[in-house]
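Every number in this text was worked out from the coordinates using simple rules, so none of it is lab data. Remember, predicted model here, so these are calculated numbers, not experimental data. Heads up, the Cβs are rebuilt from the backbone with ideal geometry, glycines too, and the neighbour counts pull from every protein chain shown.
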Amino acid sequence: MSLAFFPGARALSTSESGSIVHSGVGLLPVSLKGPGALLRSAAHAGNLELVAALLQAGVHVKLADAAANTSLHFAAAAGHARVCRLLVEAKAD
């Protein structure tokens, strides 16, 4: 599934994180696999328990995909208000 919240997003390379995305609003760290992708998938599915466990384990709440979509974007797009609330409490934007 591809969401286009930031249609003008473009990837920028860095030596530290592999890549970042300039969303027009700011820079977001990119995670195409691993814990960031798992957090986005759990948020999209509305899996509140898994989202909470990943946040408790220290997964960065602002990890974005290549299109600058974060877990909060995926949860909101799927209508998961409880997951959105949890992510916002964890400082997602």
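For the range 27-93, trypsin sites (Lys or Arg not before Pro) meeting the loop criterion (DSSP other than H, G, I, E, B) and having at most 13 other Cβ atoms within 10 Å: 33, 91. Across the range 50-59, computed HN-Hα scalar couplings (Karplus, 6.51 cos²θ - 1.76 cosθ + 1.60, θ = phi - 60°) run 5, 4, 4, 5, 5, 5, 4, 6, x, 5 Hz from first to last residue, x flagging Gly and Pro.
Couplings 3J(HN,Hα) of the range 67-76, computed from phi: 9, 6, 8, 9, 4, 4, 4, 5, 5, 5 Hz, in residue order, whole Hz [Karplus 6.51 cos²θ - 1.76 cosθ + 1.60, θ = phi - 60°; x for Gly and Pro]. Under 5 Å between amide hydrogens, built in the peptide plane, is the criterion, and for residue 64 it picks out 30, 31 among residues at least 5 positions away or on other chains.
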